[in-house]
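Read through the structure below, which is laid out as structure tokens, and then see the notes.
Just so it is clear, none of the values below were taken in a lab; they were calculated from the coordinates. The model shown is predicted, which means the values in this text are computed figures rather than measured ones. Methodologically, a virtual Cβ is constructed for each residue, glycine included, from the backbone with ideal geometry; neighbour enumeration extends over all protein chains shown.
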Amino acid sequence: MSDITITGGQPLSRRHRREQNERGAVPELVPAEQPRVSKAHRAGSLLNRFGRALIALAFLAVGVLCFIYERELRFTETEIQAWIMNSTGLAETAISSVNNGIPAITFHANDTWISLRLIPQCAIAMYVGAAFLLSAILIMVPRVRPVRLFSALAISGSGLVLLNQVRLLVNAVMFAEGGREAFNWAHGPIGSTMMMLGVAGSLAVFFLLCIRRAKPAARGTEPAAQAEQPEGRA
């Protein structure tokens, strides 16, 4: 028997026979070539990582310094609180002082001089230092944008400082108006609740600005070389 297939009296060419034999076969999918990364892109990525590392070291240094110089920061807090009390008229006279070697706020109210000592556990340095240490970790995450991280740090840091000043003011007013028992309530349950809410709010700011996944961008068509399956004869 001849190997040549006769169709309409005309022999098929060698090319047509090859195409006919290949009909019905499943074509192989050729994987797309991976896009080549340019030298400029690699250099930019390396520079980005180097810059993030420098920022992380700066954040780490500031956070550690907050813990080391927390006593100096407590003096600053007492000066700010004295200015607030004098400006608002909540005290007849308020000054930053030292009580038994501890930074304190001394003020005159209701014909009585009261001195509130600011111990390390109540200082804002611990909270702000922790915020800088958290920022030092987050800046090394590639998906975290530095601008958003700086914004979150500024919002949370300033918010915690302001909140602690409000807490100190509440403690002073409660002691002046209600004595030791009222101060214990203001310093204990009320003050602790205020700071816990402040810490939770700061973490929420970091989450919303830095950690929460952004809306996914529209996906482009993935390059893939797919062979078109030829039609087979019935």
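General observations
- Extension gain, residue 150 to residue 87, is 19.6 nm, computed as 0.36 nm per intervening residue step minus the present C-alpha separation.
- Cα centroid of segment 152-167 to Cα centroid of segment 93-112, whole Å: 23 Å
- Of the trypsin sites (Lys or Arg not before Pro) in segment 120-201, the ones in a loop by DSSP (not H, G, I, E or B) with at most 11 other beta carbons within 10 Å are 143.
- Relative contact order for segment 63-162: 25 percent, from Cα pairs under 8 Å spaced at least 6 residues apart, divided by residue count.
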